[in-house]
Amino acid sequence: MADEDQSKKAEEDQSKKKTNNPKSYQVRKECIKRKSMELATLCDIKVCTVITGPNGELQTWPDNLDDCKEVLDLYSQNLKPEKKQKESSTPVPEPEEEQGEKDLLTLVESKLAAVNRRIRFLENKNVVVADKGKRKRIE
């Protein structure tokens, strides 16, 4: 039991050393910046990376803060509609759109009813009745 505790503590100490190691941080930071640049170049998209260092320093890629702000603004604008869609799997129409859809549905239903009435009328008008071997049109 004591051996297990010691081995867990040793593993925790090693993991803390790895994450707090300034050289490890530098390598990871450069890798993240390089991958961000590759992603932006290969996919032709705007990318911004925000990295917080172990001592609390804040670094970004690209280094120009205006470019980062532009990407973050685009992200925040696009994030709001996605939250609404994730909450509800079916899209919820806007009140104006909903009213327009109801009006359209009512119009289509009334046109369908008029077409059905006309079809019945035409079917009845063209009914041929056999009257003693003679055909007669009912009008």
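The values are calculated or read from the model by the stated rules, or taken from the named source; none is laboratory data. All values derive from a computational prediction rather than experimental measurement. No Cβ is skipped: glycine too gets one built from the backbone with ideal geometry, and neighbour counts run over all protein chains shown. We work out accessible area using only protein heavy atoms, side chains counted, and drop any ligands, DNA or RNA first. Shrake-Rupley method; radii C 1.70, N 1.55, O 1.52, S 1.80 Å.
Note on region 50-72: residues that are part of a helix (DSSP H, G or I) and either loosely packed, with under 12 Cβ neighbours inside 10 Å or aromatic (Phe, Trp, Tyr) (or both) amount to 2. Out of the residues in region 35-49 that are open to solvent by 90 Å² or more (accessible area, probe 1.4 Å) and out of contact with any strand residue (DSSP E or B) (no Cβ under 9 Å at 6 or more places or on another chain), state the one that is farthest from residue 72 (Cα to Cα). Among those residues, the one meeting the criterion is 42.
Out of curiosity, is residue 31 at pLDDT 90 or above, of a type outside the set (Lys, Arg) and in contact with a Phe, Trp or Tyr (Cβ under 9 Å, 6 or more places away or on another chain)? Taking the combined requirement at face value, the residue does not satisfy it.
Number of residues in region 58-77 that are free of Cβ contacts under 8 Å to residues at least 24 places away in the same chain and touching a strand residue (DSSP E or B) at 6+ places or on another chain (Cβ under 9 Å) equals 5.
Under the condition of being in a helix (DSSP H, G or I) and touching a residue at least 24 places away in the same chain (Cβ under 8 Å), which residue from region 24-49 is farthest from the chain's Cα centre (by Cα)? Within region 24-49, the match that is farthest from the chain's Cα centre (by Cα) is 25.
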